[in-house]
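What follows is one structure encoded as structure tokens, with my remarks underneath.
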Amino acid sequence: MSYPRQPSRYLDDDLAAFRNMVASFVDLEIRPHADEWEAAGEFPRDLYTKAAAAGLLGLRYDPKWGGGGGSFLATCVMCEELIKGDTVGTAVGLLAQSEFALSVLADEGSDRLKEEYLAPAIRGELIGAIGVSEPGAGSDVAAITTRAVRDGDDYVISGQKTFITNGTRADFIALAVRTGDAGPRGISVVIFPTDTPGFAVGRKLEKLGSRASDTAELFFDECRIPTGNLVGEEGMGMRYVLSHFGGERLVISAFAVGIMERLIDLGLEYASARQVFGKPLTDFQTWRHRFTEMATRLEATRTLTYQAADLLDARHGSGDVAVSMAKLYAAGAVQFVASEILQLHGGFGQMEESAIPRYYRDVAGFSVGAGTTEIQREIIAAALI
Amino acid sequence: MNIAVCVKQIPDPATPYELDDENHWIIRPEDQVLDDTDRSGVEVALQLAEATEGTVTLYSMSPSGTLQGIRQALAMGADAAVLIDDPALKGADALTTARVLAAAMQQEGFDLVIAGTESTDGYSGIMPQMMSEILDVPCLSFARKVDAGDGSVTIERQTSDGFDVVEAPIPALITVTAGIEPRYPTFKGIMQAKSKPVTTLTSADLGITNTVHQVIRSVEPVAARTAGEIIEDDGEAYLRIIEVLEQAKVV
């Protein structure tokens, strides 16, 4: 017994064929290794080259740089399937590169930067990360203090970043730095090569969930990089970062859709086989109604997510609010479903050998990453009131 | 190098096959998928075409349906497809299938023909060899690796205890094993597949008339497995286990 996905008028046959391809990639390349990678706290570097060969790292970008010329909707379909490999951290690590680290570079970077960083990242030869959060600045991007001072043809960068996904092994970082005065207009984005002298990776951080993705704190001590590594214009960094959060939030929403599908699948399989008082759990009205609620929240999330993707694809002005609504709702819905499925599995759900408690831990971060639930509410409120 | 690849659309193996009550043929839905064993053949052809600046043309004899299976192979990177879709060919035997596909390849031209070892829904395993006879080209079977040379082709033929290296002049026909890992169709490939040329022919277009059809007289279900024997261990269960194993002639 598995969840009968509801048809969506946003998706066509091509996206259905693409979904099948990603699902078979996950069946062969990810799920069989999930336990091992989660225990190791990282997935092998060659997964980037395998994902690149399947066209998954540059899906949305210009074919000129090796991209797939796809859409945000296609990105949703990819994320829904990639997350079903029972290792959320692995999907997070791949998307931290393909969407989080590359989107500003793809939209605002110079051809030289695209040639040097975007194209090899799409080919899976380089690993990228995005560096915004600092010990004193998370959702409050305007508060960052990592400073880049011009010195001739170089920027000299000093400061600290934290909670950086892919941080321990990134080859380059799309780094938010302060090039000007305090406040939002003093921020720029540069491409920072991690072989620059003065750069150091601090601790690899132990996390509640997403354990197969590496997360690190990073230190910059008078690191010199060429001013040519500036993305777009100086002082525009805040706008670039905020305008590209939409992609990150969409990814999290689509991840939530995929996780809910996976969990409801696992739940239906378990509930139909598990006999209690002489009949399967699926015969008990309480579970029939709870599955109904889970499925409805799943479909509501999917609809909000696809609508947001469609608006982002159309570069519609309301795309950012739509994606904040999707992400706000998705985080709550996936946490609800993970909790219900954990309860359904009783004692088995408490055992680390099943994927159920892992998903339960992983989704806790969905109301924090890519802008907290509180920030999504502020964004929506600003458009409402 | 102009490479012809035999591919087949089959009902999705993930769903149970149904047989027609009257003639016992597999009921083929509109949505058929690419036979998984064909992916390796497409992969080999694409690698050879990339190395020789060649082209890859798919050949298939089946109802077109939604072309889903053919598009899967086009999405991997094949350039074009020739499909023989003719109700008169329903139930054609392996020799007729070989004649039809060979005629289409002769009409279009080829340097190399690549096929899987056998289809997943028919399992005859003899069609490629028949085609090589009709096309009058050497047949190199069970290739686990293929290299194209200047006017020749060399394969590693899988054997039970290793492999043989076999070389033949082109044109030639090769059957490939499933050991060659196929590429994934990318999103770009899926989008491009829609605009690639698919030519549909009938047996009359190929001048083939006297087609032979198999007749399936009857189909019997596989005998149900009998329930096993549960041996309760009262301390001497091993004696009964040895007895059962001796009866089965395994000890």
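Some notes on this structure:
- Between the amide H of B:Ile170 and those of B:Ser152, B:Val153, distances stay under 5 Å, these residues lying 5 or more places away or on another chain, with hydrogens modeled in the peptide plane.
- Solvent-free Debye calculation, one equal scatterer per alpha-carbon of segment B:98-251: log10 I(q)/I(0) at 0.12 Å⁻¹ equals -0.78.
- Loop chymotrypsin sites (Phe, Trp or Tyr not before Pro), segment B:112-189, which have at most 13 other Cβ atoms in a 10 Å radius of their Cβ (DSSP): B:Tyr123
- Hz values of 3J(HN,Hα) by residue in segment A:209-216 - Karplus curve (6.51, -1.76, 1.60), Gly and Pro given as x: x, 6, 6, 7, 9, 7, 10, 9
- Annotation note: chymotrypsin sites (Phe, Trp or Tyr not before Pro) in segment A:258-358 located in DSSP loop regions with a Cβ neighbour count of at most 13 within 10 Å are A:Phe277.
- Helix-only mean residue ellipticity at 222 nm for the protein assembly as shown, each DSSP H run of n ≥ 4 adding -39500 (n - 2.57), per residue, nearest 500: -12000 deg cm²/dmol
- For B:Val82, distant residues with modelled amide H under 5 Å away: B:Leu58, B:Tyr59, B:Ser60, B:Thr199
- Look at the stretch A:50-56: the mean tally of other chain Cβ atoms within 10 Å of its residues' Cβ atoms is 3.
- Cβ-Cβ FRET estimate between A:Ala273 and A:Asp151, R0 fixed at 56 Å, reported to 0.05: 0.25
- Relative contact order of segment B:2-206: 26 percent, from C-alpha pairs under 8 Å at least 6 residues apart in sequence.
- Karplus 3J(HN,Hα) series, Hz, for segment B:40-49 with 6.51 cos²θ - 1.76 cosθ + 1.60 (x for Gly, Pro): 5, x, 4, 4, 4, 4, 5, 5, 5, 5
- Near A:Ala212, the amide H atoms lying under 5 Å from its own belong to A:Gly89, A:Thr90; only residues 5 or more places off or on other chains count, and H is placed 1.01 Å from N.
- Prolate/oblate/rounded label for segment A:13-122 (Cα gyration tensor, a/c 1.5): oblate
- Which of B:Pro128, B:Tyr238, B:Val113, positive extreme of dipole for chain B (C-beta unit charges): B:Val113
- Partners for B:Lys90 among aspartates and glutamates (Cα-Cα distance below 12 Å; same-chain residues under 8 apart left out): none
- Loop-located GluC sites (Glu not before Pro) in segment A:72-150, at most 13 other Cβ atoms within 10 Å (DSSP): A:Glu125
- Checking the cross-link pairs B:Lys8/B:Lys194; A:Lys64/A:Lys204; A:Lys84/B:Lys8 against a 27 Å limit on the alpha carbon distance flags A:Lys64/A:Lys204; A:Lys84/B:Lys8 as lying beyond it.
- Gyration tensor verdict on segment B:2-206 (Cα atoms; rounded if a/c is under 1.5, prolate if a/b is larger than b/c, oblate otherwise): rounded
- In order through segment B:179-193: 3J(HN,Hα) via Karplus (6.51 cos²θ - 1.76 cosθ + 1.60), integer Hz, x for Gly, Pro: x, 8, 6, x, 7, 8, x, 7, 4, 4, x, 5, 5, 5, 4
Where a number appears in this text, it was derived from the coordinates with a stated rule and is not lab data. Nothing here was measured: the structure is a model prediction, and the numbers come from that model. Please note: Cβ atoms are built from the backbone with ideal geometry, for glycine as well, and neighbour counts cover all protein chains shown.
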